[in-house]
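Below: the structure, in structure tokens.
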Amino acid sequence: MLLDRFPRVALAHRPTPLEALPRLSDRLGGPRILVKRDDCTGLAGGGNKSRQLEYLLGDALSQGADTLITHGAIQSNHVRQTAAAAAKLGLRCRLILERRTDHGDPAYLQSGNVLMDYLLGAEIAAILPRGADMAAATIALGDECRRAGGKPYIIPGGAASALGALGYVDCAGELAGQADRAGLTIDHVILASGSGGTHAGLVAGFHAIEPRIAVTGFSVGVGTNQHDHVLSLARDTWSLIGGAGTVGSGEVRVSDVAAGAGYGMPGETTIEAIRLVARCEGIMLDPVYTGKAMAGLMAMIGEGLFTPDETVVFIHTGGLPSLFAYKYLFGDEQAGGSALT
Ligand SMILES: *Cc1c(COP(=O)(O)O)cnc(C)c1O
């Protein structure tokens, strides 16, 4: 695949490890489960957006940008990784945040990702109410920046564009190569599906090299029409890399079973998944994305959708900082620490 012609800035630690989770597989009575450690991409806490940003920032630098503008929820991992990339490249970073949840807990409003945004030197230009037109607000901020003599580059929410999705076209190839070298045949890939670029990139990437592999994305929000959104982004990504034909509708698999009450609203199954993976494997998941995707995988295993000899790869997309923003969810663990107050 011709990814080489797209300018790219090195931001992520690549390749990320592919590790077996034998204790989790045993515990769930499931298939062989592996984890692709994209929580270990390294950029200020890591996560999937580092891969997308490599291509988006390649484009920004080739256009001579001096300012990155993006948006996300208050606890956005995407925003935090963008702020880190800007710091690393010496660019200004201006952010618009959305109160996408009703959480009023001080930890939610001040700790986790948003604390890191400040430490990374990003400017929070505005905090808007839920449902505000965030894309329009970034365009307006871009105009303001230009009038002041700046050269803004606007990154879409979640880095979700065909250009950003190239980061996961590349990851599909990386993963297939690792599996080959380990003598493993991947049957199924599982991930959290939010703004959709990660899911779309993997679908386009496997369409090119291993169309046999089923990629299932667990929606993390409600009412997002996730299947059509991801399909359209996967098709745009496929055209961008000059692929012949198109991505089939059936190649985009979306499940809503783990979405709970909506974006940023973890359910009981999310919390259970976070605890289980922490205690079985020493790996931390997050309450907004990966905890939901793991709850989804556990539900699929519970329904008997895999045979024991199948191999499932769970993409760990990161999100650790938001665990601290949602500390109120973990009352039981904190009760154990009450001797420390
Ligand atoms: C953004 C994000 C996702 C979802 O990726 P999209 O490309 O937005 O669908 C999953 N996990 C974490 C931790 C994220 O920050």
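Would you mind calculating the gained length between Ser239 and Ala126 on full extension (0.36 nm times residue separation, minus the Cα-Cα distance), in nm to one decimal? Can you show the working numbers first?
Details: separation 113, 0.36 × 113 = 40.68 nm, distance 3.51 nm.
Gain in length upon complete extension: 37.2 nm.
Could you line up Ile271, Ile96, Ile209 from fewest to most neighbouring Cβ atoms inside 10 Å?
Least crowded to most crowded, the residues run Ile209, Ile271, Ile96.
Report, largest value first, the span of the C-alpha coordinates of the stretch 236-319 along each principal axis, in whole Å.
Principal extents (largest minus smallest coordinate, Cα): 45, 33, 24 Å.
For the chain, what D do you get in µm² per second when you plug the Kirkwood radius from alpha-carbon pairs into Stokes-Einstein at 10 °C and 1.306 mPa s?
For these conditions, the coefficient is 79 µm²/s.
Could you check what % of the DSSP bridge pairs in the chain are antiparallel, to the nearest 5?
That works out to approximately 10 percent antiparallel.
So for each of 66-78, 169-181 I average, over its residues, the number of other beta carbons within 10 Å; can you give me the resulting order with the highest mean first?
66-78, 169-181
Determine the gain in length on full extension of the stretch Arg147-Glu268; use 0.36 nm per residue of separation and subtract their C-alpha separation, reporting nm with one decimal.
Computed gain between Arg147 and Glu268 is 38.7 nm.
Scale the Cα Rg of the stretch 15-153 by the rule-of-thumb value 2.2 N^0.38 Å and send over the ratio, two decimals. Please report the intermediate quantities before stating the final value.
Working: Rg = 17.7 Å, N = 139, 2.2 N^0.38 = 14.3 Å.
The value comes to 1.23.
Evaluate E = 1/(1 + (r/R0)^6) for Lys88 and Thr307, where r is the Cβ-Cβ distance and R0 equals 25 Å; express this FRET efficiency to the nearest 0.05.
Using R0 = 25 Å, I get an efficiency of 0.05.
Find the lysine pairs in the chain meeting two conditions, Cα atoms under 29 Å apart and a separation of 8 or more places or different chains, and report how many there are.
10
Calculate the spin-label point distance for Asp26 paired with Lys327, positioning each point 7 Å from the Cα along the beta-carbon direction, and give it in nanometres.
With each label placed 7 Å out from Cα toward Cβ, I get 3.3 nm.
Sketch the reach of a paramagnetic label on Asp133 as a point 7 Å from Cα along Cα-to-Cβ, and name the residues of the stretch 141-185 whose backbone nitrogen lies under 12 Å away.
none
Only Lys, Arg, Asp and Glu count, each charged at its Cβ (+1, +1, -1, -1), so figure out the dipole size of the stretch 49-158 about its Cα centre, rounded to 20 debye.
That gives a dipole near 160 debye.
On full extension of the chain, what length is gained from Asp228 through Ser62, given 0.36 nm per residue of separation minus the C-alpha to C-alpha distance?
Answer, rounded to one decimal: 56.6 nm.
Over all distinct Cα pairs, what is the inverse of the mean 1/r for the stretch 126-211, reported as the Kirkwood hydrodynamic radius in Å?
Answer for the stretch 126-211: a Kirkwood hydrodynamic radius of 15.4 Å.
Bear in mind that the values in this text are calculations on the coordinates, not laboratory data. Computed from a predicted model, the values in this text were never measured in an experiment. In this analysis, Cβ positions are derived from the backbone assuming ideal geometry, glycine residues included, and neighbour counts consider all displayed protein chains.
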